[in-house]
Amino acid sequence: MGNKMWGGRFTQQPDAILEEINASIDFDRRLYAQDIAGSRAHVTMLAETGIVGREDAEKIVQGLDTILSEIAAGEFEFSRALEDIHMNIEARLADLIGPAAGRLHTARSRNDQIATDFRLYIRDVIDGIDAALAGLQGALAEKALENAATVMPGFTHLQSAQPVTFGHHLMAYVEMLGRDRGRFADARRRLNECPLGAAALAGTSFPIDREQTAKALGFDRPAANSLDAVSDRDFVIETLAAASIAAMHLSRLAEELVIWCTAQFGFVRLSDRFTTGSSIMPQKRNPDAAELVRAKTGRIIGALNALLVVMKGLPLAYSKDMQEDKEPAFDALDAFEIVVAATTGMIADMEVDAKAMKKAAGSGHSTATDLADWLVRVLGLPFRDAHHVTGAIVAKAADNGKPLDRLPLADMQAVEPRITEDVFSVLSVEKSVKSRTSFGGTAPANVRRAARAWMKRLAREAKMRA
Ligand code: ARG
C-alpha cells in the first residue's frame with residue numbers, strides 16, 4: 001500500500017527521491033493556522049448545508065482545535081511521507097477522532113485548499129507590512145521635521161546641483177513609501193476572494209455554500225471561476241512586485257546612508273546599534289545593516305522573477321509546479337520585513353551633522369541657479385542669457401577659489417555691469433532653500449507642513465489599526 005491519503009490504486013511505495021522532490025511539509029507547515037482556519041470554515045459550512053452530520057462536524061472542529069494547539073506548542077510530529085501540511089493535519093485528525101475525519105475532505109481538494117491557505121497567509125503578511133511601512137514613514141517624517149531647515153547639497157548625477165534641506169530629502173522617501181503602501185493595499189484588495197469550493201478545478205456537485213465560507217474567512221466574495229481560483233498565483237506575484245518596488249526604494253536610501261556616513265561625506269552618523277567594527281582596522285564603523293538592506297533587495301527581486309518564470313508556461317488548471325511559489329515567497333517576504341525594520345532602526349537612531357552638510361551645500365557653486373534667477377527677475381534678462389552670464393561669473397569664482405557668495409561685486413560687474421549689491425540676498429544656501437516655496441519645493445516651511453501632515457495622517461491610521 002502506498003500513501004494512505006491517496007494510495008488506493010497504488011501497489012508500490014513512492015521512491016525516496018520522489019518524496020524528496022515532492023514533499024513540501026518542511027516549508028508549508030508555516031501555513032498550519034491558515035489551513036486549520038480554512039478547514040474549520042469548510043466543515044462548519046458542510047454541517048450547515050447538511051452535507052456532513054452535526055456530530056461528525058463537531059468532532060472534526062474539536063480535533064482541529066487540538067491540532068492547532070499541538071502545532072503551536074511544538075508538539076506536533078510532521079511527517080514527510082505525508083507530503084504537505086494538508087495531509088499531515090488530516091492524518092492527525094484521523095488519529096484523534098477516527099473515521100469521521102474522512103468527511104472533512106468532502107467537496108474540497110488540496111488545490112482549493114492551498115489556494116485559500118496561501119491567500120490568507122499573504123493577506124496577513126500584507127497587513128503586517130503596511131503597519132511596518134507606516135512606522136518607517138513616521139520615523140522619516142520625525143527626522144524630517146527636526147531637519148526641516150538643515151541645508152544639504154541636492155544632487156543630480158551625484159554632482160552638487162542646488163541646495164536642498166535634509167528634511168525635504170527624507171520626505172521624498174515618505175512619499176515613495178506612501179505609494180508602496182498603496183501597491184500592497186491594491187494587491188490585498190484583489191487577492192481577497194475565496195477559492196474554497198472550487199475543489200480540484202471544476203467545482204462540486206455537493207450543495208455547498210461558498211458565500212458562507214468566504215465570509216467566515218474574511219474574504220470579500222467567493223472567486224467567480226473555479227479554474228482561475230485554483231490555478232493562479234498572481235496574488236503572490238503582485239505582492240512580490242510591490243515588495244520589490246518598495247525594497248528598491250529602501251535600497252536607494254540604504255545606498256545614500258552608506259555614502260553619507262563615509263568620512264568623505266560625514267553627513268550622518270549611524271548609531272552603534274546599526275554599525276559594526278572591523279577586526280583589523282580599529283577606526284572603522286561599517287554600515288552593514290544598510291549594505292544588507294541594499295543586498296536583500298536582490299533576493300526579493302529574484303523571488304519575483306522566480307515566480308513569474310514558474311508560472312509562465314503552465315496550462316490551466318493546477319500543476320505541481322505551483323508548489324514552488326512558497327519558498328521564494330516566504331524567503332522574500334521575511335527578507336522584506338527585516339529590511340523595513342532595519343531601515344526604521346537606522347533612521348530613528350541616525351545623527352545628523354548639520355555643519356558638514358551645510359559646508360558641502362555651499363561648495364560647487366550650488367547657488368548658481370539662484371544667481372541666474374536673480375538676473376531674470378531683477379534685470380529682466382531672458383533665462384538663457386542669464387544662464388550664460390552666470391556661467392562666466394562661476395568661472396571667475398572658480399579661478400579665484402571663492403564660493404559665489406564671497407566673490408567681490410566688482411568681479412560680477414565685470415561680467416554684467418548692472419548687477420547690484422542686492423544679488424547677495426540670494427547667494428547663500430539658506431536663502432536659496434528658503435526661496436524655494438513653490439508647491440512641493442524644498443523651503444523649510446514646506447517641509448514642516450508636509451512632515452506634520454504625514455504625521456497626522458499616520459497617527460490617524462494607527463488609531464484605526466488599533
Ligand atoms: N502542496 C501543494 C502545493 O503547495 C498542495 C496542492 C497539491 N495538490 C495536488 N493535487 N497534488 O501546491
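Annotations for the structure displayed:
- Its alpha carbons give segment 58-200 an Rg and a Dmax of 24.8, 76 Å.
- Among the chymotrypsin sites (Phe, Trp or Tyr not before Pro) in segment 377-466, those located in a DSSP loop and surrounded by at most 16 other Cβ atoms within 10 Å of their own Cβ are Phe439.
- Percent antiparallel among DSSP beta bridges (both partners in the chain, rounded to 5): 80
- Rounded to whole Å, sorted largest first: equivalent-ellipsoid semi-axes of segment 358-407, Cα gyration tensor: 20, 12, 8
- For segment 42-99, the Cα-based Rg and Dmax, in that order, read 12.2, 35 Å.
- Net dipole in debye of the chain [+1 Lys, Arg Cβ; -1 Asp, Glu Cβ; about Cα centre; nearest 20]: 1720
- For segment 385-454, applying the loop criterion from DSSP together with a ceiling of 16 other beta carbons within 10 Å to the trypsin sites (Lys or Arg not before Pro) yields Arg418.
- Relative contact order [Cα under 8 Å, 6+ residues apart], the chain, whole percent: 17
- Carbon and sulfur %, accessible surface of the chain computed with the full protein complex present, 1.4 Å: 53
- Computed over the Cα atoms of segment 330-442, the ratio of the radius of gyration to the Kirkwood radius (Rg/Rh) comes to 1.22.
- Separation of alpha-carbon centers, segment 348-363 and segment 273-318, rounded to whole Å: 29
- Solvent-accessible area per residue for the chain (1.4 angstrom probe, square angstrom): 48
- Rg(Cα)/(2.2 N^0.38 Å) for the chain, N = residue count: 1.34
- Pairwise centroid distance, computed over Cα atoms, of segment 139-181 with segment 390-466, Å: 14
- Segment 239-312: C-alpha gyration tensor shape, a/c 1.5 cut-off, then a/b vs b/c: prolate
- A dipole drawn for the chain from +1 and -1 charges on Cβ atoms has a positive end, and of Asn446, Ala386, His157 the residue lying farthest that way is Ala386.
- In this structure, the amide hydrogen of Thr165, modeled 1.01 Å from its nitrogen in the peptide plane, lies closer than 5 angstrom to those of Met152, counting only residues at least 5 positions away or on a different chain.
- Screening the chain for whole DSSP H helices with an alpha carbon extent of at least 30 angstrom along the helix axis and a mean Kyte-Doolittle hydropathy of at least 0.5 yields 234-260, 288-311, 326-349.
The values are calculated or read from the model by the stated rules, or taken from the named source; none is laboratory data. Note that the structure is a prediction, hence the values are computed from the model and not measured. A quick note on method: Cβ atoms are made from the backbone with ideal geometry, for glycine too, and the neighbour counts reach across all protein chains shown. Please note that ligands, DNA and RNA were not included when accessible areas were found on the heavy atoms of the full protein model with its side chains. Shrake-Rupley method; radii C 1.70, N 1.55, O 1.52, S 1.80 Å.
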